[in-house]
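The values are calculated or read from the model by the stated rules, or taken from the named source; none is laboratory data. Just so you know, these numbers come straight off a predicted model, no measurement behind them. Here the Cβ is made from the backbone with ideal geometry for all residues, glycine too, and neighbour counts use every protein chain on show. The area values use the complete protein model at the heavy-atom level, side chains included, leaving out ligands, DNA and RNA. Shrake-Rupley method; radii C 1.70, N 1.55, O 1.52, S 1.80 Å.
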Amino acid sequence: MSGVATHCPYCALQCGMTLREVAQARTNGAVRASVTTPDTSTRPDRSRLGPSVEIQPRPSGSNRGGLCRKGWTAAELLTTPDRLTTPLIRSRRTDSLQPTTWDAALSFVATRLRTLQSEHGRDAVAVLGGGGLTNEKAYALGKFARVVLRTKNIDYNGRFCMSSAAAAGIKAFGLDRGLPFPLSDIADADAILLVGANVAETMPPFGQYLTAQRERGGALVVVDPRATETARQARLHLQVTPGTDLALALGLLHIVIMEGYVDQAYVARRTTGFDAIRPTVASYWPERVERITGVSVAQQREAVRLLAEADRALILTARGAEQHAKGVDTVSAFINLALALGLPGTPGRGYGCLTGQGNGQGGREHGQKADQLPGYRMIDDPAARAHVAAVWRVDPATIPGKGPSAYELMDSLGAPDGPKALLVFGTNPVVSAPAAGRVEGRLRSLDLLVVSDLVLSETAALADVVLPTAQWAEEDGTMTNLEGRVIRRRRPSWLAQAPAEQPTTAGSATPGSMPRTGSSGRARHLAIREHHGCSSTASQRLTAGRGSCLSSSGRW
């Protein structure tokens, strides 16, 4: 049996894997798990097992046939004992959640949403999405919020991480793109500055590129407060005091300027505003930066020398640089360092951001962000509004304006002038949001909380209605990995339909799935062809599962 080619559901590497239906427990080193057949209880009946699922690694560009422990055991998610298989509801907050039908749950939610919007206005309802949703779901969620609910209050959990890098990228390049080059460039780099990432633990298959780089004689410089596994593999570890990444970036740029490493021709031809940053950088001389960051002057100079003297140098940032009160400024400072050295847009050199969530890149490209329509179109741009409105076949005036960011949104929940209802898809803010305790209090103050998840998460446990959803192996769609490749997620035909996908009436739409015609056809067209610049031929190849939207050179 050839199996079904798909991808790991976890990090942004989206490693390729093949799913096969088998009867035995374990052979040939492959990992297998049994898939439960849906029933009407809130938990799977462990005595009723469907086919076994075998996971085998598959080379797919980013992973080169490798999987980490999470990938090897991903099939266990399909049989987790706390899997939700039917909607849950409570009439009063003091009641416990009880099983109900899809018809009853959806009718209750729709009635409450209409009532709250009638009493308090369209913005009384808010939506929070996630970076693990497929491109199609992210697009549909943004369209649902703005066309059906007509609320400005929609954002996603990527606001807590990559939005800092996205904002910095837009300021510097006019584009929010994680890696503008393939991972193979990392293996070929002579020097890499890696800021705020422990890839040895968070995305282990990525490590093969750093190993290849090291074996070629390349230098890895890691910026991290902790002596992580990745830092231990580096030639130079800049162990900064927590919260001082910005000072370090400014200090490194100071050295670049003072020691004559600036690529003057590149700066003059391809950048603007360089002279404006000189006064700020001038106050971050090496000795001062050592006092602020704890990184010695000698280490600062060595890091700059390695980058400046390398033929092929890369600067990579991740969550450690972004998750600060001044995250945008921090990432911007490292981008400025890269620009001063003439890296971006030069073959084999550049700046990139390591995406974290499985669809962190695609999730923010397709309209979940508070200030953007699909395709990075700013929601306050009249031309962008007119374009999207024409695709959606609505009046541009009916599309809401810019809403608050996720944290601002969460902090306003239940307030006199804030949203009264929240719909949550694919995220668990009670655990993951900043000031999570305060967020939990705001969630409890809502008139209506609806959560869609595959288990009863900490956020779902607070909800008035919980809607079970399909998992990675139970749905079809596309994801965008950290290289910007648009890849297929496939559901095997032999895998039992997910509990959340059981229609409640004949001819009804299938909750949790995407129809393949009508509005979804437009969603897929926008997501694959228009947003990513693919030709229609490339879009057709992707739909058929035979390609990605990278050019023949491997770059956008």
Identify, please: which residue in the range 294-304 is touching a residue at least 12 places away in the same chain (Cβ under 8 Å) and out of contact with any strand residue (DSSP E or B) (no Cβ under 7 Å at 6 or more places or on another chain) and is, among those, most open to solvent (accessible area, probe 1.4 Å)?
ARG301
Conditions (1) more than 16 Å from the chain's Cα centre (by Cα); (2) open to solvent by less than 20 Å² (accessible area, probe 1.4 Å): number failed by LEU141:
(1)
Across the range 164-210, which residue is modelled with the lowest pLDDT among those that are open to solvent by 10 Å² or more (accessible area, probe 1.4 Å) and of a type in the set (Ser, Thr, Tyr)?
SER164
Take the conditions in contact (Cβ under 8 Å) with a residue 12 or more places away in the chain, of a type in the set (Gly, Ala, Ser) and not in a strand (DSSP E or B) and apply them to ALA321. Does it pass?
yes
Every residue from the range 307-341 that is open to solvent by 20 Å² or more (accessible area, probe 1.4 Å) and of a type in the set (A, V, I, L, M, F, W, C)
ALA308, ALA325, VAL328, LEU339
Yes or no: the range 26-34 includes at least one residue that is small (Gly, Ala, Ser), under 29 Å from the mean Cα position of the chain (by Cα), at pLDDT below 90 and not in a loop (DSSP other than H, G, I, E, B).
yes
Tell me yes or no: at least one residue of the range 110-123 is of a type in the set (A, V, I, L, M), modelled with pLDDT of 95 or more and touching a Gly at 6+ places or on another chain (Cβ under 7 Å).
no
If I filter the range 107-122 for residues that are under 19 Å from the mean Cα position of the chain (by Cα), farther than 18 Å from LEU467 by Cα and open to solvent by 30 Å² or more (accessible area, probe 1.4 Å), do I get at least one hit?
no
Can you find, within the range 456-491, the residue that is most open to solvent (accessible area, probe 1.4 Å) among those that are under 19 Å from SER60 (Cα atoms) and touching an Asp or Glu at 6+ places or on another chain (Cβ under 7 Å)?
ARG491
Exception for ALA313 within (1) at pLDDT below 95; (2) of a type outside the set (Ser, Thr, Tyr); (3) over 30 Å from MET410 (Cα atoms) falls at (1)
Residue set ARG442, ARG393, ARG438; condition of a type in the set (D, E, K, R) and touching a Leu at 6+ places or on another chain (Cβ under 7 Å); output residue ARG442
Given the residues GLY350, GLY358, which is the only one that is touching a Pro at 6+ places or on another chain (Cβ under 9 Å), buried (at least 19 other Cβ atoms within 10 Å of the Cβ) and under 30 Å from ALA435 (Cβ atoms)?
GLY358
